[in-house]
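Asker: For reference, the structure I am asking about is given below.
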């Protein structure tokens, strides 16, 4: 039997991208809304408007940092889950290789133990 092991590292970037995209949809990590004051194209009318907008941007920065930390935790958990599944699959492949039987034979043997 020619077994093919799944390389866990080869799929991590794709998985991380998918998890990050789905995390926002799942709403477990809240995506902050940027302050409306950054959309205005005119100059600030004075120091007060500047200070208010700056505070809103600072708040947005903190909320974005919180979201990124949340996403990092979710990606880490998803990668650990994925890597565990790959490790278990690869373990099964190694056991199958050592027994000298094909996966179909292993399945058949499991269903009919007295087949000899």
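Asker: Considering (1) part of a helix (DSSP H, G or I); (2) at pLDDT 95 or above; (3) in contact with a helix residue (DSSP H, G or I) (Cβ under 6 Å, 6 or more places away or on another chain), say which one residue 65 fails and leave the rest.
Answerer: (3)
Asker: Another one. Has segment 39-57 got at least one residue that is at pLDDT 95 or above and under 30 Å from residue 90 (Cβ atoms)?
Answerer: The answer is no; no qualifying residue exists.
The values are calculated or read from the model by the stated rules, or taken from the named source; none is laboratory data. Everything numeric in this text was worked out from a predicted model, so none of it was measured. Glycine gets a Cβ as well: all are built from the backbone with ideal geometry, and neighbour counts include every protein chain shown.
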